[in-house]
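The values are calculated or read from the model by the stated rules, or taken from the named source; none is laboratory data. Everything numeric in this text was worked out from a predicted model, so none of it was measured. For neighbour counting, all protein chains shown are included, and Cβ atoms are generated from backbone atoms with ideal geometry for every residue, glycine included.
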Amino acid sequence: MAGEDGDSEGVIRRDRFSGGPARGFMSSLAADERIFEADLAVDRAHVVMLASQDIIESEVASEILAALDEVEAAGHDSLSGGEDVHEAIEAAVIDIVGPDGGKMHTARSRNDEVATCIRYRLREDVLSALDAALALRESLLETAAEHTETVMPGYTHLQPAQPTTVAHFLLSYERAVARDCARLMCAYERINQSPLGSAAFAGTPFDVNRELAADLLGFDRVMENSMDASATRDFLAETLSALTTHAVTLSGLAEDLVIFSNKGLVELSDDYSSTSSIMPQKKNPDTMELVRAVAGDAVGELTGLLTTLKGLPRAYNRDLQRAHKHAFRTVDDVGEAAAVAAGAVASAAWPEDELAAAAGDGFSTATGVADLLAMAGLPFRTAHEVVAEAAARSEGTPDVATLDAVATDVLGESLFTHVTAEAVEAALDPTESVASRDSVGGPAPAAVEATLSTARDELSDDAAAVADARDSLSAAAEGLDEEVSSYV
Ligand code: ARG
């Protein structure tokens, strides 16, 4: 659409800036495909605002808005020339409308324009990432609800530590993903503010109505300081930090599933596994390994973004053209990883017999026995010593007789002066051990049910908040369409 020197592109950039060996290096046109639709929306809202403020004539606004429809129908690939999508769309509009098309860029700069486009697009992307995170929470909750009584080993330092349940384990990740969602929703609030109308950084003498443009684009409010509004990319840093934290959560879940698969404690469905091209017996947890790796990429992107932003002076600097890709890449990757994790969790099988057998490995009930003795009045440190000595004298879990013999040596009196043999037997049993740990947030089925119910409430609140955010974006888009059609 845009052509060579002297035509619309020349009008915008002037010949001095139209070429040169660094042209390709400076151009972001290809990468800007991501914000093509956003730029059209921002152009439309800006033009409607200019006309409603009588800054441009309604007839000119009509022509420009009709031209934007043509540009949209032709698609991003039809754009040519220009350093970026903003310039290329403007050039295309001038080609269609003639010189009056140049009125579209009244009272703005590409600096406020691009910042608005990034925010406009990123909102949608963050809502999609939130959808995936919500689906993961749902699949963790549903699976947990089926396994409140399924006893499994719990680990610290990757050593058997204390028995717990599959539900308690899965909820530990659901709670973390819930916080990841909260961080993303906080970031969303700060993404959803409008820099449009800040112009290059120093405002404009035109009587712009920034609130109107913000409303038409579905932003919650305008950003107050025009230098901040056009230059800041802290919303990218915040969003990308939240996404990276989420990726780290996902990587932990993925790693646990890899390890549990290796121990035969979980079986991923075939849909989420892969086989070896040479070893016919293999079933590998490849999807979880890839989810684990996404966190590495996210950390790299966050580092790239922060390093680019560090030390940038006010106001706009072209470095910023390379900032938003980090957030866009990560939001795609992390959303996809969460969706895959949701599917893997929903379809995995938890073999109850193997889990129960492994739950008592490595004398994992030792703490429970020490707790029992302490509850009977022994100082916990003394109880710990008795149980530690019994562990040292046995292969695996000591029996009641061994514990009694050690107590007699250490305390100078029988174990049964403090507790009954039945109580000790119960403490040595992984299922009883789990049932006894009913403190708030503990693994006992009743405690887990309480967490499940809180978690379900929070999930439905968060799902409603995401739906509200999406509704208000759709309502704004419809409103903008109506405004536009009153001109075209
Ligand atoms: N493509 C540019 C970017 O992404 C648009 C802003 C250009 N502004 C300027 N003053 N050169 O940042």
Next on the checklist: So, A342, is that one out of contact with any strand residue (DSSP E or B) (no Cβ under 9 Å at 6 or more places or on another chain), away from the ligand (no atom under 16 Å from the Cβ) and at pLDDT 95 or above or not?
Outcome noted: yes
Item to check | Residue identified as touching a helix residue (DSSP H, G or I) at 6+ places or on another chain (Cβ under 6 Å) and closer than 30 Å to A242 by Cβ among V400, V340 | outcome: V340
Checklist entry - Taking segment 49-81 as the region of interest, how many residues are at pLDDT 95 or above and at positive phi? => result 2
Checklist entry - Across segment 21-71, which residue is farthest from E211 (Cα to Cα) among those that are acidic (D, E) and crowded, with 18+ Cβ neighbours inside 10 Å? => result D32
Item to check | Matching residues, segment 245-288, being under 20 Å from A135 (Cβ atoms) and of a type in the set (V, I, T) | outcome: T245, V248, T249, V266, T287
Item to check | Subset of segment 20-38 that is more than 10 Å from the ligand (Cβ to nearest atom) and charged (D, E, K, R) - its residue that is nearest to the chain's Cα centre (by Cα) | outcome: R34
Item to check | Filter result for L378 (assigned to a loop (DSSP other than H, G, I, E, B) and either more than 46 Å from the chain's Cα centre (by Cα) or touching a residue at least 60 places away in the same chain (Cβ under 8 Å) (or both)) | outcome: yes
Checklist entry - Regarding R233, is this residue touching a residue at least 40 places away in the same chain (Cβ under 8 Å) and surrounded by fewer than 23 Cβ atoms within 10 Å (Cβ to Cβ)? => result yes
Next on the checklist: Take the residues in segment 93-135 that are out of contact with any Gly (no Cβ under 7 Å at 6 or more places or on another chain), in a helix (DSSP H, G or I) and hydroxyl-bearing (S, T, Y); name whichever of them is farthest from the ligand (Cβ to nearest atom).
Outcome noted: Y120
Checklist outcome for this item: Of the listed residues (A426, A401, A421), the one being surrounded by 14 or more Cβ atoms within 10 Å (Cβ to Cβ), at pLDDT below 95 and aliphatic (A, V, I, L, M) is A426
Checklist entry - From the residues in segment 307-321 that are in a helix (DSSP H, G or I) and touching a helix residue (DSSP H, G or I) at 6+ places or on another chain (Cβ under 6 Å), which one is nearest to the ligand (Cβ to nearest atom)? => result D319
